[in-house]
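A short write-up of the structure that comes next.
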Amino acid sequence: MKIDLFSIGKFTVHSYGLLIGLGFMAAVLIGSYLAPKIKLSADHYTNIAIFTLIFGFLGGKLMYMIVEFDRLIVDPLSVIGSSGFVVYGGIITGVLCIYIYCRIKKLSFLSYIDLLVPCVAINQGFGRLGCFMAGCCYGRPTNSHFGVVFPEGSLAPAGIPLIPTQLISAVFDFALGLLLIIFGKRFKRRGYIAATYFGAYAIGRFLVEFLRNDERGAVGRLSTSQFISIFMLIFSIIFFAITTKINLKPSWEAEDVEAEETSDTTEA
């Protein structure tokens, strides 16, 4: 576990940032590889992934500012300039970004979001490994053999065995992404992969939050993320019901492949 990996002059490579970057590269490469196999445009997928990364980051930071609003009022720079980030903010703005892009380009929103969300889960797995390296998002003290002792200088309390919630989350995210890729084609309708991701992530995040012990805001007895997870689960059920009603085509299949290919040729 190490926050800063190495420095070249004034330039420092941080473990969290590096792993986020590796996760994004993995998400782009996996999605670009899968896109042609399911009759979608790899170029459009890459564009969507880049826009989702940018606006997802902004949404995550905005949500963090909302959660830390009291501290934001007292000391704005300590919140805006920090590495604080709320994943759910990134998910919400990311979905909006995908929808707007597909509307502008006249693409199948459900097909592209089905392709993107497994890759997002894998990206999140890399992000949680970055959390482990930095010591953020740490767990409760434990006497079990699975406890992890963080060194001095990390964001987690040093010298105390803690539940490795970061690794638990990473394993869950990687497994979720891989399972959605492997079994995605068995889903009967477009949008089912995305609905499954939203619901599964909400449940997994809700449960892992019980093991965490870092400061992350609260709504009553629930952490902020647990509170949002409830609404995310409800959203996934509604999303599942709507997609069942409005579309009849198999998952991971574009609405009009020929029209999309014609559009790409015209743009070129």
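The values are calculated or read from the model by the stated rules, or taken from the named source; none is laboratory data. Computed from a predicted structure; not experimentally measured. Virtual Cβ from ideal backbone geometry, glycine too; neighbours counted across all protein chains shown.
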Problem set entry | Some residue of region 170-181 being surrounded by 21 or more Cβ atoms within 10 Å (Cβ to Cβ) and either in contact with a Ser or Thr (Cβ under 7 Å, 6 or more places away or on another chain) or of a type in the set (Lys, Arg) (or both) | yes
Exercise. Do we have any residue at all in region 1-17 that's assigned to a helix (DSSP H, G or I), among the aliphatic types (A, V, I, L, M) and surrounded by fewer than 18 Cβ atoms within 10 Å (Cβ to Cβ)?
Worked result: no
Problem set entry | Index of the failed condition, Val95 passing every other in (1) surrounded by 14 or more Cβ atoms within 10 Å (Cβ to Cβ); (2) modelled with pLDDT under 75 | (2)
For this session: Considering each of Ala175, Ala134 in turn, give the residue that is among the small types (Gly, Ala, Ser) and within 17 Å of Leu207 (Cα to Cα).
Result: Ala175
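Of the residues in region 36-66, how many are of a type in the set (Val, Ile, Thr), modelled with pLDDT under 85 and surrounded by 23 or more Cβ atoms within 10 Å (Cβ to Cβ)? I'd like the intermediate steps shown before the answer.
Let us first name the residues in region 36-66 that are of a type in the set (Val, Ile, Thr), namely 38, 46, 48, 50, 52, 54, 66.
Adding the requirement that they be modelled with pLDDT under 85 leaves 66.
Still in the running and surrounded by 23 or more Cβ atoms within 10 Å (Cβ to Cβ): none.
So the count comes out to 0.
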Seminar exercise, completed: When region 164-213 is checked residue by residue, the ones that are in a helix (DSSP H, G or I), out of contact with any helix residue (DSSP H, G or I) (no Cβ under 6 Å at 6 or more places or on another chain) and over 22 Å from Gln226 (Cα atoms) are Leu178, Leu179, Ile182, Phe183, Lys185, Arg186, Tyr192
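Based on this model, can you work out whether Ile168 counts as β-branched (Val, Ile, Thr) and under 18 Å from Gly127 (Cα atoms)? Walk me through it before giving the result.
On the way: β-branched (Val, Ile, Thr): yes; under 18 Å from Gly127 (Cα atoms): yes.
Against the criterion (β-branched (Val, Ile, Thr) and under 18 Å from Gly127 (Cα atoms)), Ile168 qualifies.
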Problem set entry | Index of the failed condition, Tyr101 passing every other in (1) free of Cβ contacts under 8 Å to residues at least 40 places away in the same chain; (2) within 28 Å of Gly199 (Cβ to Cβ) | (1)
For this session: Search region 116-155 for residues being part of a loop (DSSP other than H, G, I, E, B) and at pLDDT 90 or above, and hand back the single one that is farthest from Val95 (Cα to Cα).
Result: Asn143
For this session: Show the residue pairs that are 6+ apart or on different chains and have beta-carbon atoms under 7 Å apart, the first residue being within region 141-158 and acidic (Asp, Glu), the second being not in a loop (DSSP other than H, G, I, E, B).
Result: Glu152/Ala158
